[in-house]
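A short worksheet on the structure shown next.
The values are calculated or read from the model by the stated rules, or taken from the named source; none is laboratory data. Note that the coordinates shown come from a computational prediction; the quantities given were computed from them, not determined experimentally. Neighbour counts run over all protein chains shown; Cβ positions are idealised from the backbone, glycine included.
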Amino acid sequence: MRRDQPATIAALPSFSVVIETENLSVTEIAGLEESLDSLARQSPSPAAANEVLIIESGDTPAAVLERIQEKCPWVKIVAIDSDIDYYDAKMEGARRATGEVVIYADSDCVYEPDWIRSLLAPFTVYPDIQVLGGETAIRGSGPYAIATAISFFFDGHSHTPDLYSSATYFFNNVAFRRQFLLENPVAHDLPLYRGHCVLHTHSLRNRGVEIWRQPRARAHHAPPHGLFNFLWRYLLIGRDNAVIRTLLPAAAATPAQRGRGSRLDKLRRRLRASLAAHPIGALWLPLALPIAATSLLLVWAGDRISRSRPDYLLATFRRLASRTRSIAPATHGTQ
């Protein structure tokens, strides 16, 4: 644990912000504008960044891109091939950025007003920090949001006062020293839908790189939007869990990753964090718990199916998602 020591804006390192639009293929388009609105309220302002890059993969209507550039003149849109995946889009942002620190946001998250400063200051105070994640929680207080907060990736906001060492980071809320990331890239050519960060963090930690978390850098992530995305996101979590076990040696799994009791502890911890943020959510528990149970059943089913047919679910999802996009109007903006 390290003390969270604030730094003046003048002392902060130069920085770039990267947002990709690949998530927009499975979330609402409005999410991108909400995310940018939250960035516009930051201190320091995103206008102080070397650049704020939207890595645009053809999922955003041209009219939305035009409106964004009118509202956010500090945004630069970088058009890329539509078949570039989430992680390669992230790395393309690092290759295009020029700031000493590159900060990653997602189009389905909104960020609290001190998010940028909270991520940048530790890089000034602690020159050895290379990777600094924030904390992400599911936003909303209804039964679906509470259920997702229990069953999805994120542990919510701890509200602890200081930095702490962690085994993970999430690409919707993380900052890297840019040169370090370019020299230690996230592999994108893996047989996974998501989960590349698991292998990246495993590789970094094996080489003695410590991953730090900043609890004051808080993001709020949208739950999966719509029934299609709800079903497939959890099936693919299970599918990726099965594939990751084949990519990492069994000895690499810690007792915390293997034990049933620890998984139940994680679910309880997430529930407590969600109810602490939204006490009214306790009223929704009779409706939320069956949804959470369904989510976990989908994860189990995805894992089981993928033990014998590891490519089936991902190939099916991509085929269905591609069919859905093909019937939508052309959206690719240019710049």
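Across region 298-315, what is the total count of residues that are within 24 Å of the chain's Cα centre (by Cα) and surrounded by 13 or more Cβ atoms within 10 Å (Cβ to Cβ)? Spell out the reasoning first.
At the first step, the residues of region 298-315 found to be within 24 Å of the chain's Cα centre (by Cα) are 298-303, 306, 310-311, 313-315.
The next check asks that each one be surrounded by 13 or more Cβ atoms within 10 Å (Cβ to Cβ); those that pass are 298-303, 306, 310, 313-314.
Final tally of qualifying residues: 10.
Taking W284 as the residue in question, decide whether it is in contact with a Pro (Cβ under 6 Å, 6 or more places away or on another chain), modelled with pLDDT of 80 or more and closer than 24 Å to L227 by Cα.
Numbers: in contact with a Pro (Cβ under 6 Å, 6 or more places away or on another chain): yes; modelled with pLDDT of 80 or more: yes; closer than 24 Å to L227 by Cα: yes.
Yes.
Take the conditions at pLDDT 95 or above, under 30 Å from L314 (Cα atoms), surrounded by 18 or more Cβ atoms within 10 Å (Cβ to Cβ) and touching a helix residue (DSSP H, G or I) at 6+ places or on another chain (Cβ under 8 Å) and apply them to A105. Does it pass?
Values: at pLDDT 95 or above: yes; under 30 Å from L314 (Cα atoms): yes; surrounded by 18 or more Cβ atoms within 10 Å (Cβ to Cβ): yes; touching a helix residue (DSSP H, G or I) at 6+ places or on another chain (Cβ under 8 Å): yes.
Answer is yes for this residue.
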For this session: Would you check which residues across region 218-276 are over 17 Å from A147 (Cα atoms), modelled with pLDDT under 95 and not in a helix (DSSP H, G or I) and list them?
Result: L248, P249, A253, T254, G259
Seminar exercise, completed: Among residues of region 161-192 being aliphatic (A, V, I, L, M) and in a helix (DSSP H, G or I), the residue surrounded by the fewest Cβ atoms within 10 Å (Cβ to Cβ) is L182
Exercise. Quick one: Q214 ticks every box in (1) part of a loop (DSSP other than H, G, I, E, B); (2) modelled with pLDDT of 95 or more bar one, so which box is it?
Worked result: (1)
Exercise. With respect to the numbered conditions (1) more than 25 Å from W284 (Cβ to Cβ); (2) out of contact with any Phe, Trp or Tyr (no Cβ under 7 Å at 6 or more places or on another chain); (3) not in a loop (DSSP other than H, G, I, E, B), which one is the sole condition not fulfilled by E135?
Worked result: (1)
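Could you please find all residues in region 65-76 being over 27 Å from A11 (Cβ atoms) and surrounded by fewer than 18 Cβ atoms within 10 Å (Cβ to Cβ)?
If we filter region 65-76 for residues that are over 27 Å from A11 (Cβ atoms), which is where we start, we get 65-71.
Passing the criteria: E66, R67, Q69, E70, K71.
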Problem set entry | Matching residues, region 83-101, being surrounded by fewer than 16 Cβ atoms within 10 Å (Cβ to Cβ) and at pLDDT below 90 | D83
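Kindly check whether there is at least one residue in region 16-26 that is among the aliphatic types (A, V, I, L, M), under 20 Å from the mean Cα position of the chain (by Cα), surrounded by 18 or more Cβ atoms within 10 Å (Cβ to Cβ) and part of a loop (DSSP other than H, G, I, E, B).
Initial filter on region 16-26 (among the aliphatic types (A, V, I, L, M)): 17-19, 24, 26.
Next, from what is left, pick out any that are under 20 Å from the mean Cα position of the chain (by Cα): 17-19, 24, 26.
Filter once more, keeping what is surrounded by 18 or more Cβ atoms within 10 Å (Cβ to Cβ): 17-19, 24, 26.
Those still in the list that are part of a loop (DSSP other than H, G, I, E, B) too: 26.
Within region 16-26, one or more residues are among the aliphatic types (A, V, I, L, M), under 20 Å from the mean Cα position of the chain (by Cα), surrounded by 18 or more Cβ atoms within 10 Å (Cβ to Cβ) and part of a loop (DSSP other than H, G, I, E, B).
Mind counting the residues in region 58-88 that are assigned to a loop (DSSP other than H, G, I, E, B) and either of a type in the set (A, V, I, L, M, F, W, C) or more than 19 Å from E34 (Cβ to Cβ) (or both)? Talk me through it step by step, then tell me what you get.
Start the filter on region 58-88 by keeping residues that are assigned to a loop (DSSP other than H, G, I, E, B), which leaves 58-61, 72-74, 80-85.
Remaining after also requiring either of a type in the set (A, V, I, L, M, F, W, C) or more than 19 Å from E34 (Cβ to Cβ) (or both): 58, 72, 74, 80-85.
Qualifying residue count, region 58-88: 9.
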